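*Asks:* Take this structure, written in structure tokens, and hold onto it; I'll ask about it next.
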Amino acid sequence: MAMVILGIESTAHTASVGIVDETAHVLAVASDMYRPPSGGIHPREAANHHVDLLPGLVRAAIETARIRPREIDGVAFAQGPGLGPCLRAGATVARMLSLTWERPLVPVNHCVAHVEIARVLSGLDDPMLLYASGGNTQVIAYARGRYRVLGETLDIGIGNFLDKLWIGLGGTFPGGPALELEARNGSDLLDLPYSVHGMDVAFSGMLTAALALHAKGAARADLAYSVEVTAYAMLTEITERALAHRQRESVVLGGGVACNERLRAMVRTMAESRGGTMFAPPKPMCVDNGAMIAWTGNLALKAGLEVPVEASAVEPRQRTDLVPTPWRAG
Ligand code: ATP
Ligand code: FE2
């Protein structure tokens, strides 16, 4: 049987276990999201949620995949970036499974995992990547052994921006999907700060301005609509600039905000107008999931990147462009 990897994701809200084979066929994904009753994330409460839920998610994934533990060839986990207590919850479970099953332990960068699952599903070998999620907003291209961040947010991630705005408008986490529905009822394009600096973007000015308009009585639907149009135009612009600079045509989207239909449509229109294409994975593969960790773990293990338990510390601030990706060489 082909090599099978189990992957554990626990960087932030989502605890997830995925099982994937070496052709990127997803045999199982079992996930559960911690939803704060109000406001933003509490790292310790989210970590407690993951500690409570992960053992059952491991069992559920194995049952869904219809395999026995001894058929699993490696255990991958998200090493960073993320919240320390949440990362440690997943890493602890991964270490236990690795020791118990006597299988290699493989650390995976969460951002690279979003990129790699999107890339393999796209079938494109070397696309430009727009990684748009809660904590991260980056335009990425591979060059000389690393994923290079060509442009990124200078303050908060696009998803955190949407979540904070939605909570400010009276909603609860996660804000992105709710805001997308609300935006469909909007029609009046309100004036909001458009903040692009070369290939970088910033969102905190738009957050302040949108909340101020809300306080003055602007309709929630118009705000949602205007924020989506403005923020996604910013992302589309920096992606187009990166395509022009790096002489590429096609764009692959990844990360939770890549679920958004308006973002997909705007980037598609831009890419097609340049003679290229846009690919976005199915939504369960855009949001945080264990399958992307398992798939990247498969690439990493084949490239020899397993670590002993003693050297498997989590790295809450690990950066995309510092992670070696030897599987992409050659
Ligand atoms: P990362 O650690 O990669 O920054 P994350 O922990 O925030 O990621 P993801 O699952 O990658 O987790 O992304 C979650 C984000 O995606 C949330 O901010 C959520 O509001 C946003 N999101 C999900 N669906 C949509 C949507 N349809 N439209 C816009 N945003 C969305
Ligand atoms: Fe993520």
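*Asks:* Only one residue in G176, G186, G170, G134 is within 16 Å of ligand 2 (Cβ to nearest atom) and in a loop (DSSP other than H, G, I, E, B), so which one is that? Break it down into steps so the answer makes sense when it comes.
*Replies:* Values: G176 fails: in a loop (DSSP other than H, G, I, E, B); G186 fails: within 16 Å of ligand 2 (Cβ to nearest atom); G170 fails: within 16 Å of ligand 2 (Cβ to nearest atom).
Just a single option satisfies the conditions, and that option is G134.
*Asks:* Answer yes if at least one residue in the range 188-206 is farther than 30 Å from D32 by Cβ and in the same structural domain as H13 (by TED's automatic domain parsing), and no otherwise. Don't jump to the end; show me each part of the working.
*Replies:* Of the residues in the range 188-206, the ones farther than 30 Å from D32 by Cβ are 188-202, 204-206.
Checking which are in the same structural domain as H13 (by TED's automatic domain parsing) leaves us with none.
No, that holds for no residue.
*Asks:* Shifting gears a bit: On the basis of being without any contact (Cβ under 8 Å) to a residue 60 or more places away in the chain, assigned by TED's automatic domain parsing to the domain that holds L301 and in contact with a Gly (Cβ under 9 Å, 6 or more places away or on another chain), does L54 make the cut?
*Replies:* On the way: without any contact (Cβ under 8 Å) to a residue 60 or more places away in the chain: yes; assigned by TED's automatic domain parsing to the domain that holds L301: yes; in contact with a Gly (Cβ under 9 Å, 6 or more places away or on another chain): yes.
Here the answer is yes, as L54 does meet what is asked.
*Asks:* Scan the range 142-163 and tell me whether some residue there is surrounded by fewer than 19 Cβ atoms within 10 Å (Cβ to Cβ), over 22 Å from the mean Cα position of the chain (by Cα) and at pLDDT below 95.
*Replies:* Yes: the range 142-163 contains one or more residues that are surrounded by fewer than 19 Cβ atoms within 10 Å (Cβ to Cβ), over 22 Å from the mean Cα position of the chain (by Cα) and at pLDDT below 95.
*Asks:* With the checklist (1) within 16 Å of ligand 1 (Cβ to nearest atom); (2) under 30 Å from L57 (Cα atoms) in hand, flag the one item V149 doesn't pass.
*Replies:* The one condition V149 does not meet is (2).
*Asks:* Among the residues of the range 251-277, which ones are away from ligand 1 (no atom under 16 Å from the Cβ) and either of a type in the set (V, I, T) or under 19 Å from the mean Cα position of the chain (by Cα) (or both)? Steps first, please.
*Replies:* Applying the first criterion (away from ligand 1 (no atom under 16 Å from the Cβ)) to the range 251-277 yields 251, 269-277.
The answer is V251, T269, T277.
*Asks:* Any residue at all in the range 222-233 that is aromatic (F, W, Y), in contact (Cβ under 8 Å) with a residue 40 or more places away in the chain and within 16 Å of ligand 2 (Cβ to nearest atom)? I'd like the intermediate steps shown before the answer.
*Replies:* Kept after step one, since they are aromatic (F, W, Y), are these residues of the range 222-233: 225, 232.
Checking the rest, the ones that are also in contact (Cβ under 8 Å) with a residue 40 or more places away in the chain come to 225.
Now narrow it down to the ones that are within 16 Å of ligand 2 (Cβ to nearest atom): none.
No, every residue in the range 222-233 fails to be aromatic (F, W, Y), in contact (Cβ under 8 Å) with a residue 40 or more places away in the chain and within 16 Å of ligand 2 (Cβ to nearest atom).
*Asks:* Anything in the range 122-135 that is out of contact with any helix residue (DSSP H, G or I) (no Cβ under 6 Å at 6 or more places or on another chain) and crowded, with 23+ Cβ neighbours inside 10 Å? List them, or say none.
*Replies:* P127
*Asks:* Looking at C86, C111, which is the one that is in contact with a strand residue (DSSP E or B) (Cβ under 7 Å, 6 or more places away or on another chain) and touching a residue at least 60 places away in the same chain (Cβ under 8 Å)?
*Replies:* Details: C86 fails: in contact with a strand residue (DSSP E or B) (Cβ under 7 Å, 6 or more places away or on another chain).
It is C111.
*Asks:* Of A30, A65, A24, A91, which residue is away from ligand 2 (no atom under 16 Å from the Cβ), over 20 Å from the mean Cα position of the chain (by Cα) and over 19 Å from G135 (Cα atoms)? Steps first, please.
*Replies:* Working: A30 fails: over 20 Å from the mean Cα position of the chain (by Cα); A24 fails: over 20 Å from the mean Cα position of the chain (by Cα); A91 fails: over 20 Å from the mean Cα position of the chain (by Cα).
Exactly one of A30, A65, A24, A91 is away from ligand 2 (no atom under 16 Å from the Cβ), over 20 Å from the mean Cα position of the chain (by Cα) and over 19 Å from G135 (Cα atoms), namely A65.
*Asks:* For the range 279-302, which residues satisfy the criterion of being away from ligand 1 (no atom under 16 Å from the Cβ), surrounded by fewer than 24 Cβ atoms within 10 Å (Cβ to Cβ) and not charged (D, E, K, R)?
*Replies:* F279, L299, L301
*Asks:* When the residues of the range 249-276 are filtered to those that are under 29 Å from E182 (Cα atoms), surrounded by fewer than 23 Cβ atoms within 10 Å (Cβ to Cβ) and without any contact (Cβ under 8 Å) to a residue 60 or more places away in the chain, which remaining residue is farthest from ligand 2 (Cβ to nearest atom)?
*Replies:* Top of the filtered list is S273.
*Asks:* Let me ask another. Looking at the range 164-173, can you tell me whether even one residue there is under 15 Å from the mean Cα position of the chain (by Cα) and not polar (S, T, N, Q)?
*Replies:* Residues of the range 164-173 under 15 Å from the mean Cα position of the chain (by Cα): none.
Scanning the range 164-173 turns up no residue that is under 15 Å from the mean Cα position of the chain (by Cα) and not polar (S, T, N, Q).
*Asks:* What number goes with the only condition from (1) assigned to a strand (DSSP E or B); (2) within 16 Å of ligand 1 (Cβ to nearest atom) that P85 does not pass?
*Replies:* Result: P85 fails condition (1) only.
*Asks:* Give me a count of the residues in the range 279-305 that are under 15 Å from V4 (Cβ atoms) and more than 16 Å from ligand 2 (Cβ to nearest atom).
*Replies:* Initially, the range 279-305 is screened for residues under 15 Å from V4 (Cβ atoms), giving 290-291, 293-302.
Still in the running and more than 16 Å from ligand 2 (Cβ to nearest atom): 298-302.
Summing the residues that are under 15 Å from V4 (Cβ atoms) and more than 16 Å from ligand 2 (Cβ to nearest atom) in the range 279-305 gives 5.
*Asks:* Does L235 satisfy being more than 24 Å from L150 (Cβ to Cβ), assigned by TED's automatic domain parsing to the domain that holds V251, part of a helix (DSSP H, G or I) and not aromatic (F, W, Y)? Before you say what the answer is, go through the steps one by one.
*Replies:* Working: more than 24 Å from L150 (Cβ to Cβ): no; assigned by TED's automatic domain parsing to the domain that holds V251: yes; part of a helix (DSSP H, G or I): yes; not aromatic (F, W, Y): yes.
When the stated conditions are applied, L235 does not pass them.
*Asks:* Let me ask another. May I ask you to say which residue of E22, E45 is assigned by TED's automatic domain parsing to the domain that holds P69 and closer than 17 Å to N298 by Cα? Can you show your working first?
*Replies:* Working: E45 fails: closer than 17 Å to N298 by Cα.
Just a single option satisfies the conditions, and that option is E22.
*Asks:* Scan the range 159-166 and give yes if some residue there is of a type in the set (F, W, Y) and away from ligand 1 (no atom under 14 Å from the Cβ), otherwise no. Spell out the reasoning first.
*Replies:* Initially, the range 159-166 is screened for residues of a type in the set (F, W, Y), giving 161, 166.
From what is left, the residues that are away from ligand 1 (no atom under 14 Å from the Cβ) are none.
The answer is no, given that none of the residues of the range 159-166 is of a type in the set (F, W, Y) and away from ligand 1 (no atom under 14 Å from the Cβ).
The values are calculated or read from the model by the stated rules, or taken from the named source; none is laboratory data. Not measured: the values here are computed from a predicted model. No Cβ is skipped: glycine too gets one built from the backbone with ideal geometry, and neighbour counts run over all protein chains shown.
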